[in-house]
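Have a look at the structure below, then the notes.
The values are calculated or read from the model by the stated rules, or taken from the named source; none is laboratory data. Values in this document were obtained by computation on a predicted structure and should not be read as measured data. A quick note on method: Cβ atoms are made from the backbone with ideal geometry, for glycine too, and the neighbour counts reach across all protein chains shown. Accessible surface is based on the protein model in full, side chains and every heavy atom, while ligands, DNA and RNA are left aside. Shrake-Rupley method; radii C 1.70, N 1.55, O 1.52, S 1.80 Å.
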Amino acid sequence: MLRSKISKDFKYLNKTLSSFFNQVKELERVLNKELNAEGQLKEFEEFEKNINREVGSIVDSFSLYSSINEIKDAVVGRLASIKDVIAKRKQKERKRSKAAQKSIRLLRKRISQAETETIELTRKADQFREESLRDGLTGLYNRKAFDRRIAEGLESFNRGGESFVMMMFDVDKFKWINDTFGH
């Protein structure tokens with residue numbers, strides 16, 4: 001029965017750890033996508049090139065046209081083009097910002113889930129540790145707990161800690177107790 005429980009809990013721990021690592025991988029993928037600095041730099045350079053081209057056209061209109069009205073019409077047309085380029089860039093940045101905010105919300109949710117799962121894993125690990133140190137039937141500490149406590153006591157003593165006392169009991173006719181009342 002204990003073996004079955006430990007096996008079930010071990011499978012749960014493996015599943016939870018696997019889920020946690022998959023969430024970390026997803027976080028890395030999303031961050032790489034959102035923080036694609038090289039792609040954003042190219043987009044900004046293209047934006048800057050479009051604005052510079054439009055401004056250059058405004059400057060050229062002073063030498064291409066002779067009347068004030070022609071120059072004025074050309075400048076107004078180029079300013080409208082600049083306004084369109086800026087509006088398109090603004091719309092693109094809004095979409096990117098909304099997508100980033102959505103990704104951040106999703107990541108926060110996943111991080112929260114991972115934290116909850118980590119707390120549960122820690123609790124389960126503590127429970128396993130405690131169960132591994134006690135007899136399943138009597139609840140008494142077992143040989144593993146005894147060996148661990150002796151090692152801790154000796155280590156503390158060797159570091160200059162306080163001395164400790166070890167007491168052992170030998171129960172006579174213990175076989176009869178087991179045979180009579182069960183193991």
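When the chain is modelled as a GNM with alpha-carbon springs shorter than 10 Å, which of Tyr12, Tyr65, Tyr141 fluctuates the most?
Sorting by GNM fluctuation, first place goes to Tyr65.
Whole-Hz ³J(HN,Hα) for each residue in the range 43-57, computed from phi via Karplus 6.51 cos²θ - 1.76 cosθ + 1.60 with θ = phi - 60°, x for glycine and proline: what do you get?
The phi angles translate into 4, 5, 4, 5, 4, 4, 5, 5, 4, 4, 5, 5, 5, x, 5 Hz.
Applying the Karplus parametrisation 6.51 cos²θ - 1.76 cosθ + 1.60 with θ = phi - 60° to the phi angles of the range 66-72, what ³J(HN,Hα) value in whole Hz is obtained for each residue in order, glycine and proline being reported as x?
9, 9, 5, 5, 5, 5, 4
Can you work out ³J(HN,Hα) from phi for every residue in the range 147-158, in order, using Karplus 6.51 cos²θ - 1.76 cosθ + 1.60 and θ = phi - 60°, giving whole Hz and x for Gly and Pro?
For the range 147-158, the Karplus-derived couplings read 4, 5, 5, 4, 4, 5, x, 5, 5, 5, 4, 5 Hz, x marking Gly and Pro.
Calculated from DSSP H runs of 4 or more alone, at -39500 (n - 2.57) each and per residue, what is the 222 nm mean residue ellipticity of the chain, nearest 500?
-29500 deg cm²/dmol
Taking the alpha carbon gyration tensor of the range 35-183, what are the square roots of 5 times its eigenvalues, largest first, to the nearest whole Å?
Working through the eigenvalues yields semi-axes of 85, 19, 9 Å.
For the range 37-106, what's the relative contact order in percent, using C-alpha pairs closer than 8 Å and at least 6 residues apart?
The value is 33 percent.
Can you give me the accessible area per residue for the range 4-157, using a 1.4 Å probe, in Å²?
Value for the range 4-157: 78 Å² per residue.
Give the lysines whose C-alpha is closer than 24 Å to that of Lys33, dropping any in the same chain fewer than 8 places away, or say none.
Those lysines meeting the cut-off are Lys25, Lys42, Lys88, Lys90, Lys92, Lys95, Lys98, Lys102, Lys109.
Could you work out what % of the accessible surface of the range 65-139 is carbon and sulfur, using a 1.4 angstrom probe and leaving DNA, RNA and ligands out of the count?
Summing carbon and sulfur atoms, their accessible area is 56 percent of the total for the range 65-139.
Scan around Arg134 for amide H atoms under 5 Å from its own, H built in the peptide plane at 1.01 Å from N, and keep only partners 5 or more places away or cross-chain.
Asn142
Computed FRET efficiency, Cβ-Cβ of Glu155 and Ser19, R0 41 Å: what is it to the nearest 0.05?
FRET efficiency, Glu155 to Ser19: 0.65.
Given points 7 Å out from each Cα along the Cα-Cβ axis, report the Arg129 to Met167 separation in nanometres with one decimal.
2.7 nm
Of the residues Val24, Val85, Val165, which exhibits the maximal mean-square fluctuation in a Gaussian network model of the chain defined by a 10 Å Cα contact cut-off?
Val165
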